[in-house]
Amino acid sequence: MTNENYSKKVIKTKHTYSFIILTMLLLLCFVVNISLGSVSIPFSEVIQSILGNSSNDSWQYIIQDYRLPKAFTAILVGSGLGISGLLMQTLFRNPLAGPFVLGISSGASLGVALVILGSGLFGGIFASVLISKWSIVIAASLGSFLVLLAVLLVSSKVRDTMAILIIGLMFGSITAAIVSVLSYFSSAEQLQQYIFWGFGSLGNLSWNELFIFFGIYIIGILLAIFSIKSLNTFLLGENYAKSLGLDVKTSRFIIIIATSLLAGTITAFAGPIAFIGLAIPHMTRQIFNTSNHQILLPAVFLFGAVVMLICDSIAQLPTSDYTLPINAITSLIGAPVVVWLLVRQRKMVF
Amino acid sequence: MTKSSQHTILKTSNLTIGYQTKKGKSIIADDIHLELKQGELIGLVGANGIGKSTLLRTLATIQQPLDGAIKIHDTTLDQYSALDLAKTMSLVLTEQLMSKNLSVFELVALGRQPYTNWVGNLSKLDVSEVNKAIELTNITNLKHRKCFELSDGQLQKVMIARALAQDTHLIILDEPTTHLDMYHKAYILKLLQRLAKETNKTILFSSHEIDLAIQLCDTMIVMTKETVVSNSPCRLIEQGVFETLFPKDLIGFDKTTGSFRVKK
């Protein structure tokens, strides 16, 4: 008995250590992320600027109105995509599922494509009004919301969870096809603008936008936390979940709403950021070696934020004027890490 | 104590099972009258495709009955809330586990879900119930192993422990002995017999191990194309029910040994 208690304690302390290390890593990455950029600012001045006492006005402006909101955006995007990916992988019992399997990003793409590529159809003056940043955010939100609504309506008719996965993919194909048709009739300039949106971007948000982003994000996170118990029950499969007294349909609905709120707002404000949502849950499972969502959910939150901050720091190419597309960096850095983790563990933990 | 004085846990009257299709009802079996008593081990046998799983799935509310009523403790099933039903009946199904990365303790602890708080934390009582279930099924040595490390026989014991931890009057198992070797088939059914006695739970399982079931069960339910009969194994043998189970061209039932023999 003492031996059992001992080994259980060891497991618990191991997780506690991992959480402490991850939290410290998050703080470190946050500070490093803010310190880096095309303008080099001494570290002491970075701290002073955060506190609002910097002697240099332009440095203070860069830190407070550009780098800080960008770092916060990175945290929201990384943790939000990671958690929505985790929810989808558990719900669909599929390691290939991610935050966008329900057609959220394709819906957003369709909305943005209609605004950018379709603006040619509406005439010149109208077009310049249309393509402001807010119009893109609204178009992306509306697009993802409408596609999601369609997926939900159709999937409420089917009992099988796997069918929802296929339906989401089919809606993705339909929107991709419409975008192709729109691209065919668009000018090179419009196409370029659309492609740039597809690169994703963390650095365009003002504090006001960030607050709206955060407001919706936090609802999604709370719903996800509320779903921890049902997610663990889903590990047994739906029939067992039902026999344990779980209202499968309602729980499934809450999980889908949480995912859409998170993935939908992130896509609206930061573009379709690939890979993070798929990879972060896998990396976390390999590192923590558990399927218990009481541990996985906070771990994915921290780990997603850390990885996104690192990717963003790399994307700025420190000391240069260029910023690489964040979408390329997440995959370039993330994919080898996932492969390495899988090879090291020799088996997939799912 | 005689059988009739024992408390009835589950009772069906006039039950019709099958599937509701667009063209109408496809009836698999009808006029089913069953009465399961407390502390009994009940074996459900029948040929492939006769509807054993459909009957179990209907009793387990995975599937709706076409007609008739199922009562647990004199209350019809549809009057139970999902949570109350989860505290009355637990299942061991044939479906594969989705995640085998749970430790045995974690998996058995999922059986406590109807009793835990909103985030699923285990209370002291929950932990002791889980440990009790683990001890009853003799898997204490596997407690901290991951489920993917287990053999089929070990995993089946873990699933039974999970159902025990759910602390219900009735446990329903769908073919708990498939994929197991002869020894483990006997082991699992013997375990079920012991559990029914020690914990006074009603345990209903379906199986193709008719010989073993005849030796171990208190009551057997025999499904044939015509009827669904239930009685003690000895009575069923006297009545010659087992002879009607299968077509007579290949195997025949031997009343003296209580087992099937291949015809020479």
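Some points to look at:
- Extended-chain gain in nm, criterion 0.36 nm per residue less alpha-carbon gap, B:Ser128 and B:Glu198: 23.5 nm
- Sequence-distant residues sharing a close amide H with B:Val92 (under 5 Å, placed H): B:Ile172, B:Leu173, B:Asp174
- Accessible area per residue (1.4 Å probe, heavy atoms of protein chains only) ranks A:Trp197, A:Trp59 as A:Trp59, A:Trp197, with the largest value leading.
- Set B:Lys201/B:Lys255; A:Lys14/A:Lys242; A:Lys242/B:Lys71 screened for pairs whose C-alpha atoms are more than 23 Å apart: B:Lys201/B:Lys255; A:Lys14/A:Lys242
- For chain A, the Cβ-based charge dipole about the Cα centre amounts to some 1400 debye (Lys, Arg positive; Asp, Glu negative; other atoms uncharged).
- Compared with the dominant principal axis of the Cα atoms in chain B, helix B:124-136 is inclined by about 40°.
- Span-like helix ranges in chain A, DSSP H, alpha carbon extent 27 angstrom or more, Kyte mean at least 0.5: A:2-35, A:68-91, A:133-155, A:161-184, A:207-226, A:248-270, A:293-315, A:326-345
- Out of every Cα-Cα pair that chain B contains, those further apart than 30 angstrom amount to 30 percent.
- Taken across both chains, chains A and B shield about 2900 Å² of accessible surface from a 1.4 Å probe.
- Annotation: per residue accessible area for segment A:163-209 equals 58 Å², rounded to a whole number [probe 1.4 Å, protein chains only].
- Calculated FRET efficiency for the pair B:His179/A:Thr13, C-beta based, R₀ 35 Å, to 0.05: 0.40
- Candidate residues A:Arg285, B:Arg145, B:Arg261: accessible-area rank, largest first, probe 1.4 Å: B:Arg261, B:Arg145, A:Arg285
- Using the Cα coordinates of segment A:2-345, the gyration tensor eigenvalues translate into equivalent-ellipsoid semi-axes of 33, 30, 16 Å, sorted from longest to shortest.
- About its Cα centre, the dipole of chain B is roughly 280 debye, where the only charges are +1 on Lys and Arg Cβ and -1 on Asp and Glu Cβ.
- Segments A:254-263, A:171-180 sorted - mean Cβ within 10 Å per residue, highest first: A:254-263, A:171-180
- Sorting A:Phe213, A:Phe30, A:Phe43 by solvent-accessible area of protein heavy atoms yields A:Phe43, A:Phe30, A:Phe213, largest first, with a 1.4 Å probe.
- 3J(HN,Hα) along segment B:207-219: 6, 9, 7, 5, 4, 5, 4, 4, 6, 10, 7, 7, 9 Hz, from the Karplus curve 6.51 cos²θ - 1.76 cosθ + 1.60 with θ = phi - 60°, whole Hz, x for Gly and Pro.
- Only DSSP H runs of four or more residues enter the estimate; each adds -39500 (n - 2.57), and after division by the residues of the protein assembly as shown the mean residue ellipticity at 222 nm equals -18000 deg cm²/dmol.
- Per residue, chain B exposes 47 Å² of solvent-accessible protein surface, assessed with a 1.4 angstrom probe and all protein chains in place.
- Reduction of at least 30 Å² in accessible surface, 1.4 Å probe, comparing all protein chains with the chain by itself, residues of segment B:162-184: B:Arg162
- Burial order of peptide ranges A:69-79, B:79-89 (average beta-carbon count within 10 Å, highest first): A:69-79, B:79-89
- Accessible-area composition of the protein assembly as shown, carbon plus sulfur, in percent [1.4 Å probe]: 62 percent
- Over segment B:95-167, the fraction of Cα-Cα pairs per 10 Å bin, rounded to whole percents and listed from the shortest bin up, is 22, 56, 21, 1.
- In the protein assembly as shown, the alpha-carbon atoms span a convex hull of 201 Å³ per residue.
- Within segment B:118-137, the residues that become at least 50 Å² less accessible when every protein chain is included than when their own chain is isolated (1.4 Å probe; DNA, RNA and ligands ignored) are B:Trp118, B:Val119.
- Each of B:Leu91, B:Ser232, B:Leu34 was scored by the projection of its Cα onto the charge dipole of chain B, and the greatest displacement toward the positive side belongs to B:Leu91; charges sit on the C-beta of Lys, Arg, Asp and Glu.
- Average beta-carbon neighbours from other chains, 10 Å sphere, peptide B:76-87: 2
The values are calculated or read from the model by the stated rules, or taken from the named source; none is laboratory data. These numbers were taken from a predicted model, which means no experiment stands behind them. Using ideal geometry, Cβ is built from the backbone for each residue, glycine included, and neighbour counts are taken over all protein chains shown. Heavy atoms of the whole protein, side chains included, go into the accessibility calculation; ligands, DNA and RNA do not. Shrake-Rupley method; radii C 1.70, N 1.55, O 1.52, S 1.80 Å.
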